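The values are calculated or read from the model by the stated rules, or taken from the named source; none is laboratory data. From a predicted model like this one, the values you see are computed outputs, not experimental measurements. Note that we place each Cβ from the backbone using ideal geometry, even for glycine, and neighbour counts take in every protein chain shown. The area values use the complete protein model at the heavy-atom level, side chains included, leaving out ligands, DNA and RNA. Shrake-Rupley method; radii C 1.70, N 1.55, O 1.52, S 1.80 Å.
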Amino acid sequence: MASSSWNSYRDIFASGKVKMILGNVFLNQSPPSPCNYNGHYAFSSFPPVTTFVPRPSLRDKIHEQLTRERTQDDGQGPRIVVVWGLGGAGKSQLVRSYLQQHKHEYSASFWIEACRKETIERAFREIYHLLFKVTTDGDLKSEDAVLAVKNWFIEREGRWLFVFDGADGIDSMDANEEADDFVDIRHFIPDKPSIDVILTTRSSSAEGLTALEMVKVAEMKPREAAKLFKNCSKIDDKGGNEAAVKEIVEELGYFALAVSLSGTYVCNTPRLKLHLGKYLDEYQTRRKEILARKPNSLVHQYGESVLTTWETTFDAVTQKCIQTSKLLTLLGFINFDDIFIDLFVPTSQGNGYEQNGENGAVVAWYDRIFEGAKPDVHTIENNFEILQSYGLLQWKSDQSYTMHKLVHAWALDRLLIDDQRSFVLPSLRLLFNAISKAGHKPEARQRLVPHIMANFKAVSKANLEDSDREVAVRLFSTSGNFLYNAGHWVKAYSIQDFVYSETLKMWGDSNQQTISAMSNLASTLGDQGKLEEAAAMRKE
């Protein structure tokens, strides 16, 4: 094949739709003709971003899965490894790192954007162009190109790697194979043992494609996250910033894209580079704005912000089950850790109900989520299973779930004011139900404390209508008394002080509810040893 023709193939792949990764390079000779292919063609090393921090344990796990001795369960087809995690967790960069480390083991590697069926088909048409010396499509159908490419590899020797990046539509196969976003990855994989496939996805449903162990990409290790932040922020390593960096990446939950974006934000803000300790204060007040920043594609090689990529996942959850998406939103109003099933199961006696202060209607927390249908254990488990499949919840060995702290914050931050209002009372009624069930059991009572405090932090800042505020204050009064009786006087004080302030504003100092709230607050002060403050309050 002429050198000019070979260059034209290089131009095709430079478009970015398909990337040929460097395998072995021929020195001092022309590339071989695709018709008599010997296994050596490529032009780009396609490395990770310059700020990338290796994650060797995950990279080695990919290699281990693709090179381990076959078992009877593996069959004789291609080896498939699923790399799974939230959007922005660093899946693609991890696979690029793998390619950089192990490209010499392959005759050639193909990187295919697999977000939609159309992008995969376009990629296979371009591969067809390369393999069969075709420069125009003519009447070629996509399905014919796919079949021809698959057959080409089946007839060749060598070890080949296909990377299907961003195969999130694979989840639709469980529900409806006619869905617009459904991608049947299996259809595009040549059926040959010498083919290796790495598939990156936000959906754990892809695990069903393979007998190999799934590689889960979650939080970075603290040292890795700190190194990434330093790389992106370009701060002086000798500037005594270690403690500040450690605190920042911990607050970001060691989440790769959030760390990268925060580091870049610091890099572009000179005042923060000089006073890094001030970044967390700014992050706390401007979290939503910072995480909504779109990454620089040249720096991060990622096209979406943290919030945008999770909104895409939220939309997928909503399409699958709207009740699940509502339940996810509700989780933003309680603690991100120790989310246990029994917290959401209503009591059989019905004491999880609360009368609405405006019209006396009897309502329950699940009215907002399940349209009034009382959920049982199986209903909650099924909804949590969907959230877990998208990486929005993780199961823990202590028989509870946890959320990444940034996902938890996003679940609340994403809401507009009206939407936020609509979840305030359900979240309070959920905890009212849980307090009723806990009774006098010490372990059950202690388990609720973090959820009550997280709920108070979220709800006390909400801009409520007057009628909803009255109900919220009444329910907060229950929470405050619960904490007081559980011996958490400092935490009880913060809620009781809020209840007293709100009742004073709503009904004045002579109202019986205000007097009761003041008495509760004075008792808590006294139990903390603040006798003078307690006495002064009782005299008011």
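Observations, loosely collected:
- Within straight-line reach of LYS221, meaning a Cα separation under 19 Å, sit the following lysines at least 8 residues removed in sequence or on another chain: LYS61, LYS91, LYS230, LYS246, LYS396, LYS405.
- Under 5 Å from the amide H of VAL217 lie the amide H atoms of TRP84, GLY85, each residue being 5 or more positions distant or on a separate chain, with H modelled from the backbone and absent for Pro and chain starts.
- √(5λ) per eigenvalue of the Cα gyration tensor, the range 199-299, largest first, Å: 30, 15, 12
- Exposure of ILE435 as accessible area (Å², to 10), given a probe of 1.4 Å and all protein chains: 20 Å²
- Among 438-451, 412-425, the peptide with the highest mean count of other Cβ atoms within 10 Å heads the list, and the full ranking is 412-425, 438-451.
- Length released on extending from ARG159 to ASN511, taking residue separation times 0.36 nm less the Cα-Cα span: 118.7 nm
- In the assembled protein chains, THR308 presents an accessible area of approximately 70 Å² (probe radius 1.4 Å).
- Count Lys and Arg as plus one, Asp and Glu as minus one, and take only other residues whose Cβ is under 11 Å from that of ALA434; the net charge is then +3.
- Using the Cβ of MET214 as centre and a radius below 12 Å, the other residues enclosed give a net charge of +1, where K and R count +1 and D and E count -1.
- Share of Cα-Cα pairs in the range 50-142 lying beyond 24 Å, as whole percent: 39 percent
- The length gained by stretching the chain between LYS457 and CYS115 to full extension, at 0.36 nm per residue less their Cα-Cα distance, is 119.3 nm.
- Protection-proxy order for peptides 251-260, 396-405, each taking the mean of Cβ atoms within 10 Å per residue, highest first: 251-260, 396-405
- Whole-angstrom Cα spans of the range 382-433 along principal axes, big to small: 35, 26, 19
- For the set LYS117, LYS505, solvent exposure ranked by accessible area (probe 1.4 Å, protein chains only) runs largest to smallest as LYS505, LYS117.
- All-pairs alpha carbon distance profile, the range 399-523, 5 Å steps from 0, percent: 2, 10, 21, 21, 20, 15, 7, 3, 1, 0
- Inter-part distance, the range 473-494 to the range 73-110, computed on C-alpha centroids, equals 52 Å.
- Carbon/sulfur fraction of accessible area - the range 61-156, other protein chains in place, 1.4 Å, %: 45 percent
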